[in-house]
Amino acid sequence: MNKIKLIATDLDGTLLGEDNKMSLENKAALETAISQGIEIVIATGRNYSEVPDDVVNLGIRFFITANGGYVYDKKEDKVLYTKCLTLEQAEYLINLGRINNGYEMYYIGRKVYTCTNFMDYIDHVQGADVYRHLYKKYNLCDDISKEEGADKYTPKVVIFFETAEDKANMLSMLDRRSEFEQSTSFKENVELNPKGVSKAEGLKVIMELLGLQPEEVAAFGDGGNDLKMLCLTPNSFAVAGAVPEVKKCAKYHVASCENNGVSEAVDICLNRL
């Protein structure tokens with residue numbers, strides 16, 4: 001019997017490439033794990049509506065989205081956990097981003113909103129190809145206060161920057177307030193949730209529900225928003241190209257997303273752990 005009973009995997013840069021697709025090898029590996037009774041959990045900074053159909057259609061039950069701000073049980077069609085920003089907090093973050101030449105994105109429930117000039121950002125920054133694939137799912141809005149549910153159901157605000165200097169300036173200004181959880185999943189962005197929110201905390205909700213211990217869980221990732229989740233379990237995997245902090249934390253290092261690192265990691269979980 002496998003020691004590993006649950007695998008939590010990040011999407012962007014881990015399971016999915018910049019083309020927003022999962023390779024056939026990675027898909028087959030997850031299907032094999034599922035057939036052996038291992039629970040697969042998607043742990044992403046994305047909104048649930050941005051998870052590709054081929055991932056959803058694998059039959060996965062649990063989704064940790066918005067960096068842990070929203071935990072969903074698809075089988076039971078039940079939100080297991082959510083923690084959201086107040087409207088005042090969201091407006092503060094958006095305005096702070098604009099002061100520093102940033103482009104905002106935010107979630108309200110299962111909808112993704114961006115500023116109306118977000119395509120300007122996509123067109124001028126290298127490595128933003130994935131956002132071109134997702135852009136058709138976005139709602140354009142320059143005033144969050146006009147959107148229904150913004151005062152109750154906004155788990156995350158993201159600010160994208162064209163330069164590292166603008167990002168650093170915002171982070172310096174943000175230090176004046178401590179009620180936000182900061183992370184990143186893209187070179188020049190800042191992802192902001194309410195304090196205490198992380199993929200690790202979302203995973204703990206699922207582990208408690210299933211009665212699992214950390215040694216029965218494996219986690220795959222590459223970005224700063226994966227770090228706490230990888231530190232939660234002794235069975236942590238970093239794909240090639242992961243940020244230095246993730247590489248340092250992870251026990252195992254596997255191939256890049258483009259070279260089917262998830263498939264390699266699943267093989268280790270099934271045959272070596």
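Summary of values
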| item | result |
| --- | --- |
| Check on Tyr103, in contact (Cβ under 8 Å) with a residue 12 or more places away in the chain, among the hydroxyl-bearing types (Ser, Thr, Tyr), farther than 28 Å from Leu270 by Cβ and touching a Phe, Trp or Tyr at 6+ places or on another chain (Cβ under 9 Å) | yes |
| In segment 11-22, the residues that are assigned to a strand (DSSP E or B) and open to solvent by less than 50 Å² (accessible area, probe 1.4 Å) | Leu16, Met22 |
| Which numbered condition Asp166 fails, given (1) assigned to a helix (DSSP H, G or I); (2) in contact with a Leu (Cβ under 9 Å, 6 or more places away or on another chain); (3) open to solvent by 10 Å² or more (accessible area, probe 1.4 Å) | (2) |
| Matching option when the condition is in a helix (DSSP H, G or I), under 28 Å from Ala242 (Cα atoms), open to solvent by 30 Å² or more (accessible area, probe 1.4 Å) and not aliphatic (A, V, I, L, M), among Glu25, Glu88 | Glu25 |
| Residue among Gly241, Gly221, Gly261 that alone is open to solvent by 30 Å² or more (accessible area, probe 1.4 Å), more than 17 Å from Gly69 (Cα to Cα) and either among the small types (Gly, Ala, Ser) or free of Cβ contacts under 8 Å to residues at least 24 places away in the same chain (or both) | Gly241 |
| Members of segment 44-85 found to be surrounded by fewer than 18 Cβ atoms within 10 Å (Cβ to Cβ) and at positive phi, listed by number | Gly59, Asp77 |
| Criterion (under 21 Å from the mean Cα position of the chain (by Cα), among the charged types (D, E, K, R), part of a strand (DSSP E or B) and surrounded by 15 or more Cβ atoms within 10 Å (Cβ to Cβ)) met by exactly one of Glu201, Glu181 | Glu181 |
| Subset of segment 32-50 [assigned to a helix (DSSP H, G or I) and of a type outside the set (Val, Ile, Thr)] | Ala33, Ser35, Tyr48, Ser49, Glu50 |
| Residue list for segment 187-202, restricted to those being modelled with pLDDT under 90 and either in contact with a Phe, Trp or Tyr (Cβ under 7 Å, 6 or more places away or on another chain) or among the β-branched types (Val, Ile, Thr) (or both) | Glu188 |
| Total residues in segment 60-80, condition out of contact with any Lys or Arg (no Cβ under 9 Å at 6 or more places or on another chain) and either in a helix (DSSP H, G or I) or not acidic (Asp, Glu) (or both) | 4 |
| Of the criteria (1) touching a residue at least 60 places away in the same chain (Cβ under 8 Å); (2) open to solvent by 30 Å² or more (accessible area, probe 1.4 Å), which one Lys248 fails | (1) |
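The values are calculated or read from the model by the stated rules, or taken from the named source; none is laboratory data. The structure displayed is predicted, hence computed values, not measured ones. As a convention, Cβ positions derive from the backbone with ideal geometry for all residues, glycine included, and neighbour counts pool all protein chains shown. When the accessible area is computed, the model is the full protein with side chains, heavy atoms only, and any ligands, DNA or RNA have been set aside. Shrake-Rupley method; radii C 1.70, N 1.55, O 1.52, S 1.80 Å.
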